[in-house]
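Following: one structure in structure tokens, then a few remarks.
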Amino acid sequence: MDLLQDIALNVQSGYTEKTRKAVEQAVAEGIPANDILHKGLIAGMNVVAERFKTGQMFLPEVLAVAGAMKAGMTIVRPLLEMTNHESLGKIVIGTVRGDMHDIGKNLVAIMLQGAGFDVVDLGTDVRADKFIEAVEREHPDIIGMSALLTTTMVHMKGVIEALEKKNLREKVKVIIGGAPISRNYAQEIRADGYARDAATAVDLVRTLLNSTRATAAV
Ligand code: B1M
């Protein structure tokens, strides 16, 4: 069987050790890290997301899958980071308050790092004050917020309001994403952009930074 298919199947089955070994083998065979991520790890995770949605998989199995995904990503992440050293801008990213989902947010962070951006990852369950502290400390160009629950996506608005209160809103762009998020929601809460997946997030960040720099140069 194709090694990338093997990785996808091991992720779907929640086999942490087998995923780790298959990813190590793929790296040793010279398969590009980007292919291992997209055609192996993400391909497997997409199948799981669909099965969970349709009730063919349950939480304990999904937890095992998350462990396998993490094991694979631990190996691939430094390789993606190595592909581009020059920083094109800084992004502070986190999953909002009350939300522990981090697989998608981690993918966005990895893809941004791979594309040459500096990424400060605040992790999961990030409260508004933590985002504010990070903006004051890190001076990022962009804040990225992720939410996977309809009950937690509301906290994105709270972060934007906190930025406004602190007079920081003009200093930083805000992008949002996650399964329940839409372009309409981004407009409603006055975010600067929405991305449906990690690759689109990279394009969005590039576009926002280019427009900021073009405005600054005028
Ligand atoms: Co949870 N979960 N979960 N879960 N989980 C969902 C989100 C759910 C849709 C499943 C379902 O019922 N069909 C549902 C939410 C329902 C809703 O709110 N409408 C749900 C629920 C209910 C829950 C719990 C409440 C379950 C419970 O305990 N009863 C609980 C909540 C815990 C908490 O957060 N407080 C819970 C727990 C968990 C696990 C811990 C078991 C595990 C998370 C493990 C982890 O992340 N470390 C888990 C998982 C894995 C899922 C599903 C199956 C898969 C999510 C995922 O990783 N997808 C999910 C079902 C689904 O999404 N269909 C589900 C793969 C990932 C690559 O995609 O995260 O969408 P995604 O990220 C994409 C894009 O959205 C986008 O790019 C990413 C890459 O392409 N993106 C961004 C994401 N963030 C972005 C940010 C950006 C831009 C793009 O800019 C900054």
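Which value, in Å², gives the accessible area per residue of the range 90-217 when a 1.4 Å probe is used on the protein heavy atoms?
Per-residue value: 47 Å².
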How would you classify the range 90-217 from its alpha-carbon gyration tensor, with a ≥ b ≥ c the square roots of the eigenvalues: rounded for a/c under 1.5, else prolate if a/b is greater than b/c, otherwise oblate? rounded
Could you sort 43-56, 96-109 so that the peptide with the highest average Cβ count within 10 Å comes first and the rest follow in order? 96-109, 43-56
Roughly how tilted is helix 59-82, in degrees to the nearest 10 and between 0 and 90, from the longest Cα axis of the chain? 70
Ignoring any ligand, DNA or RNA, what whole percent of the accessible area of the chain comes from carbon and sulfur when the probe is 1.4 angstrom? 53
Taking the dipole about the Cα centre of the chain, with the C-beta of Lys and Arg at +1 and of Asp and Glu at -1, give me whichever of 92, 104, 149 is farthest to the positive side. 149
Ignoring ligands, DNA and RNA, what accessible area per residue does the range 3-82 give at 1.4 Å, in Å²? 53
Rounded if a/c is under 1.5, else prolate if a/b beats b/c, else oblate: with a ≥ b ≥ c from the C-alpha gyration tensor eigenvalues square-rooted, which is the range 3-82? prolate
For residue 88, residues with placed amide H under 5 Å, excluding near neighbours: 117, 118
Let me check I've understood the local charge: for residue 19, count other residues with C-beta under 10 angstrom from its C-beta, Lys and Arg +1, Asp and Glu -1. What total comes out? +1
Calculate how steeply helix 3-13 sits against the longest principal axis of the alpha-carbon atoms of the chain, using the helix alpha-carbon long axis, and give the answer as 0 to 90 degrees to the nearest 10. 80
Charge dipole of the range 3-82 about the Cα centre (unit charges at C-beta), most positive-ward option of 82, 72, 46: 46
Among the GluC sites (Glu not before Pro) within the range 1-35, which fall in a DSSP loop and have no more than 13 other Cβ atoms within 10 Å of their own Cβ? 29
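Add +1 for every Lys or Arg and -1 for every Asp or Glu among the other residues with Cβ under 12 Å from the Cβ of residue 132, and state the total.
+1
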For the chain, with a Gaussian network of springs between Cα atoms less than 10 Å apart, report the residue from 158, 144, 178 with the top mean-square fluctuation. 158
Nothing charged except the Cβ atoms of Lys and Arg (+1) and of Asp and Glu (-1): what's the magnitude of the dipole of the range 90-217 about its Cα centre? Round to the nearest 20 debye. 260
Counting only residues 5 or more apart in sequence or on a different chain, those whose built amide H sits under 5 Å from that of residue 126 are 95, 96, 97, 98, 99
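Quick check on the chain: helices-only [θ] at 222 nm, where DSSP H runs of length 4 and up contribute -39,500 (n - 2.57) each and the sum goes over total residues. Nearest 500, please. Can you show the working numbers first?
On the way: 9 runs with 120 residues, N = 218.
Mean residue ellipticity, 222 nm, calculated: -17500 deg cm²/dmol.
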In whole Hz, the Karplus estimates of ³J(HN,Hα) for the range 198-209 (6.51, -1.76, 1.60; θ = phi - 60°; x where Gly or Pro) are 5, 5, 5, 4, 5, 4, 4, 4, 4, 4, 5, 5
Step through the table entries 105/171; 70/166; 39/157; 70/157; 18/130; 70/173, compare each Cα-Cα distance with 32 Å, and write down the pairs that go over it. 70/166; 39/157; 18/130
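The values are calculated or read from the model by the stated rules, or taken from the named source; none is laboratory data. Just so you know, these numbers come straight off a predicted model, no measurement behind them. Ideal geometry is used to build each Cβ from the backbone, glycine not excepted, and the neighbour counts take in all protein chains shown. Heavy atoms of the whole protein, side chains included, go into the accessibility calculation; ligands, DNA and RNA do not. Shrake-Rupley method; radii C 1.70, N 1.55, O 1.52, S 1.80 Å.
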